[in-house]
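K.L.:
The structure that follows is given in the form of structure tokens.
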Amino acid sequence: MNYEDLIADVAQRTGLHSDYVRRVLFHLPDALMTMQVGDDVRTPMGVFRMAESKARTIVLPDQTTTAQVPAKTVVKLRSGSRMKNEEG
């Protein structure tokens, strides 16, 4: 399935025009990024949680050079039961 198929499928299932579905999917990340670190929101897809990673040092593939990975704030999704395929 590609993005266009996803939009068409959701539009058909909801009875909404595909333009509305496309707009909701486009703006969902913007809305989620307004959460504060530690906040979460439960949805039928699962739980979206705002988390902050710590800065860390990594070793590059040459095995001698190191680099600093900065801290960042990201939204994580813990998928709910509706997002899990029990068949395999």
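The values are calculated or read from the model by the stated rules, or taken from the named source; none is laboratory data. A quick note: this is a predicted structure, and the numbers were derived from the prediction, not measured. Neighbour counts run over all protein chains shown; Cβ positions are idealised from the backbone, glycine included.
Residues are listed down the side, and each one gets a yes or a no for (1) of a type in the set (S, T, N, Q); (2) out of contact with any helix residue (DSSP H, G or I) (no Cβ under 7 Å at 6 or more places or on another chain); (3) surrounded by 11 or more Cβ atoms within 10 Å (Cβ to Cβ); (4) modelled with pLDDT under 95:
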site: ASP5; (1), (2), (3), (4): no, yes, no, no
site: HIS27; (1), (2), (3), (4): no, yes, no, no
site: THR43; (1), (2), (3), (4): yes, yes, yes, yes
site: PHE48; (1), (2), (3), (4): no, no, yes, no
site: PRO70; (1), (2), (3), (4): no, yes, no, no
site: MET83; (1), (2), (3), (4): no, yes, yes, yes
site: GLU86; (1), (2), (3), (4): no, yes, no, yes
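K.L.:
Looking at VAL37, is it in contact with an Asp or Glu (Cβ under 9 Å, 6 or more places away or on another chain) and either of a type in the set (Val, Ile, Thr) or modelled with pLDDT of 95 or more (or both)?
P.N.:
On the way: in contact with an Asp or Glu (Cβ under 9 Å, 6 or more places away or on another chain): yes; either of a type in the set (Val, Ile, Thr) or modelled with pLDDT of 95 or more (or both): yes.
Considered against the rule, which asks whether it is in contact with an Asp or Glu (Cβ under 9 Å, 6 or more places away or on another chain) and either of a type in the set (Val, Ile, Thr) or modelled with pLDDT of 95 or more (or both), VAL37 comes out as yes.
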